[in-house]
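A short worksheet on the structure shown next.
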Amino acid sequence: GAVVSQHPSWVICKSGTSVKIECRSLDFQATTMFWYRQFPKQSLMLMATSNEGSKATYEQGVEKDKFLINHASLTLSTLTVTSAHPEDSSFYICSAGLPDILNQPQHFGDGTRLSIL
Amino acid sequence: DAKTTQPTSMDCAEGRAANLPCNHSTISGNEYVYWYRQIHSQGPQYIIHGLKNNETNEMASLIITEDRKSSTLILPHATLRDTAVYYCIVRSIYNQGGKLIFGQGTELSVKP
């Protein structure tokens with residue numbers, strides 16, 4: 001089945017640091033990937049849609065200059081949290097699905113827990 | 001995509017069937033019902049999806065009412081490892097490439 005891998009699984013860094021999170025589709029090509037954020041005791045919130053070869057589409061209220069998304073290949077999307085602050089501490093999750101096949105499920109990575117000190 | 005309503009939490013005895021309900025009264029004809037679950041500190045896991053017919057796979061069964069306004073996810077023999085938050089999501093076949101909008105889900109606790 002479709003496998004999505006995220007790296008790193010856990011990162012702790014100082015305030016002001018930029019952090020890059022990778023999302024890879026391991027056994028399929030994904031023209032579109034999705035980035036979610038989840039705070040403790042809350043549901044997943046969609047942040048943005050990552051489109052291979054073009055600009056990402058951000059959900060309302062998500063700062064595109066804060067959360068940089070790059071989808072340079074059909075198997076890799078990256079999310080960079082720039083100048084991270086403690087309020088950016090969260091669980092970040094990506095998903096991807098088989099392209100151009102309607103109604104196939106999205107598959108999720110195992111998430112990246114980001115802690116900003 | 002149509003909105004869904006689920007109970008906040010449920011308990012189930014180990015070995016018994018877990019029946020998780022979902023209301024989606026505003027669902028339209030081109031919208032599927034998807035179920036995912038999220039075990040603590042992991043990414044969501046796909047379980048099953050359907051349009052109007054009942055569906056079954058190795059993980060669960062999905063029962064959709066004839067009017068499609070509600071559905072039930074059935075875990076036939078719940079184990080402690082099935083303790084998770086279960087999300088019912090309605091998604092249009094014309095949805096922009098597959099993004100999913102998560103509600104609050106049902107926190108299922110399977111007890112020994």
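For the reader, a short list of remarks on this structure follows.
- Choice from B:Ala60, B:Ala84, B:Ala17 showing the highest fluctuation, given a GNM over chain B with Cα pairs closer than 10 Å: B:Ala17
- Only lysines eight or more places from B:Lys111 in sequence, or on another chain, were considered; those with a Cα closer than 23 Å are A:Lys41.
- A 1.4 Å probe run over the protein chains yields, for region B:5-99, 50 Å² of accessible area per residue, whole-number rounding.
- Protein accessible area in region B:1-65, 1.4 Å probe - carbon and sulfur %: 45 percent
- Residue-normalised accessible area of chain A, given per residue in Å² at a 1.4 Å probe: 50 Å²
- Altogether, the Stokes-Einstein calculation at 4 °C and 1.567 mPa s, with the Kirkwood radius of the protein assembly as shown over Cα pairs as Rh, returns a diffusion coefficient of 71 µm²/s.
- Spatial separation of Cα centroids for region A:67-117 and region B:53-112, in angstrom: 23 Å
- The A-B contact accounts for approximately 1700 Å² of buried accessible area, totalled over both chains at a 1.4 Å probe radius.
The values are calculated or read from the model by the stated rules, or taken from the named source; none is laboratory data. Not measured: the values here are computed from a predicted model. The protein model used for the area step is the full one, side chains on, heavy atoms only, and it has no ligands, DNA or RNA in it. Shrake-Rupley method; radii C 1.70, N 1.55, O 1.52, S 1.80 Å.
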